[in-house]
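See below for the structure under consideration.
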Amino acid sequence: MGSNTYSAIAAKLSPVDRIERHDVLNAAMLAVILMGMTFTMLWGARGLVNSAGGDDEPGTTVLASGDDDSAPSSSETIPDESTTTTTTPATTTTTAPTTTTTAAVAHAPNEVKTRVGNGAERGGVAGAGTNILASAGYVTLAPKNAETIDVSTVYFTEGFSEDAKLVAQLLNVPVTNVFPMPSNPGMPVGDATVVAVLGRDTAVGS
């Protein structure tokens, strides 16, 4: 339609018709503007959604892998580094070793081998002492001569200390003169476990 035709039609319209037509055009233009703004806002919102989701499709949930170094979610428990843990050292109880002392026990006389030596420089002393011990039930070995000593002494091998004290009492020798067997008691010992060497002070055989 040419501009002359539009002008002719417009000239025929009454002023009221021209005002109404102008309002319709304005309303149409306003609607177009509003639609454009709405479209722009929707497009912008779509862009924000896509940027928030990365390169994934919209609506896709991205699960973090196990090696993700990002901050833990609110459901994870973050250890409190300010907490100090104090470990109390265990108490070790040391038990002192028990020392068992075995008391010396005298043997039966027939389990003790004895030998009497004569160190008194007079005859018959060793034989008399041997008879005394035999009468008490001790096993007696043959009497022997010994080196001369002034004080009578009784010797014992390991484990026969109490037996030596009993032998000393029978021969009137003080228990203070009872000692462990030396390497050389001054007389032959043989396999005796208790040896009595009667010296010049002995009353045995008098």
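None of the figures in this text is laboratory data; all of them are computed from the coordinates on show. Please read these numbers as outputs of a predicted model, since none were measured by experiment. So basically every Cβ, Gly included, is an ideal-geometry build from the backbone, and we count neighbours across all protein chains shown.
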The range 103-133 to the range 174-206: how many Å between their Cα centroids?
8 Å
Any idea which of Pro182, Thr148, Val195 is furthest toward the positive side of the dipole for the range 102-206, if Lys and Arg beta-carbons carry +1 and Asp and Glu beta-carbons -1?
Thr148
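Please rank Glu162, Glu111, fewest neighbouring Cβ atoms within 10 Å first, as an exposure proxy. Could you put the intermediate results ahead of the total?
Numbers: Glu162 16, Glu111 13.
In increasing order of surrounding Cβ atoms, one gets Glu111, Glu162.
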How far is it, in nm, from the label point at Arg122 to the one at Ser161 when both lie 7 Å from their Cα along the line to the Cβ?
3.4 nm
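Ranked by Cβ crowding within 10 angstrom, fewest neighbours first, how are Ile33, Ile132 ordered?
Result, fewest neighbours first: Ile33, Ile132.
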Footprinting exposure proxy for Thr153, Thr114, Thr40, Thr140 (fewest neighbouring C-beta atoms within 10 Å first):
Thr40, Thr140, Thr153, Thr114
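Multiply the residue gap between Ser183 and Ala136 by 0.36 nm, knock off their C-alpha separation, and tell me the result in nm, one decimal place. Could you put the intermediate results ahead of the total?
Details: separation 47, 0.36 × 47 = 16.92 nm, distance 2.76 nm.
Additional length available on full extension: 14.2 nm.
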Bins of 10 Å, starting at 0 and running to the largest distance - Cα pair percent for the range 109-198:
20, 61, 19, 0
